[in-house]
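Accompanying notes for the structure given below.
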Amino acid sequence: MPKTDSSAGRPRRSYQKLTERLRQFMEEGHFRDGDKLPPERALAESFGVSRSSVREAIRALAEKGLLESRQGDGTYVRVPDIEPLKEAILEAVDSEGLMFDEVTEYRRIVEPGIAEIAAVRHTSEQLDRLKIIACDQQRRLLVGENDGDLDARFHLALAECTGNKLLIDTVARLNRIYAKGRTPELRDTPWRQFSVSSHLRIIDALERRSPEDSRKALEEHIDTVIHKHLFATVRD
């Protein structure tokens, strides 16, 4: 009998969740470079998934170069050395002469992915921190105070939800550059109201642990920044 859409979706979600869990275990050092993974059966029992989900997760991580399957010997962890890449990215971010639209374009590529990861990895404490920042933004908006620093804190706190040091460091440095290039249009009341609403939509998607909705909310947020900046540039 052919599988229904719902039954076809369950194994897919299981393997995706397991892929993320295994990747997180590697990042946290539970599985180190060169370690041999437990057998399929043991992994399936440990994570409460089917062996087919284990195979799919292993295949997905192997395609990313994080696992190596050795015929007749098992599966081994491969942790690439990203330090040279991290240094190159952070050096590029710190370089002089970056244009505001270049920074925004970089954010448009990277930050939706950050939101997607954050939806899966965030803790309740991290979600509470994002809510507090958004509430502080609302309070400042009501009394007419500047909230640019809170906007930066929100995006940094979102990056911290990923637990990825490269993403956290990159967002922290981009925030400093971005603060210097904020146009008046990005400081007016209508924009700030939209910004707070966007942050609340992101929080809602995170709370539902929806990677797709989190990504979409962040994309809409950055797209509006791009639109307002381009509008201001053309008008000037």
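Just so it is clear, none of the values below were taken in a lab; they were calculated from the coordinates. Predicted model only: the values in this text are computed from it and were never measured.
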query = For segment 11-77, how big is Rg over Rh, using alpha carbon atoms and the Kirkwood form of Rh?
reply = 0.92
task = Just subtract the alpha-carbon distance of Glu125 and Asp149 from 0.36 nm times their residue separation and send over the number in nm, one decimal.
result = 6.6 nm
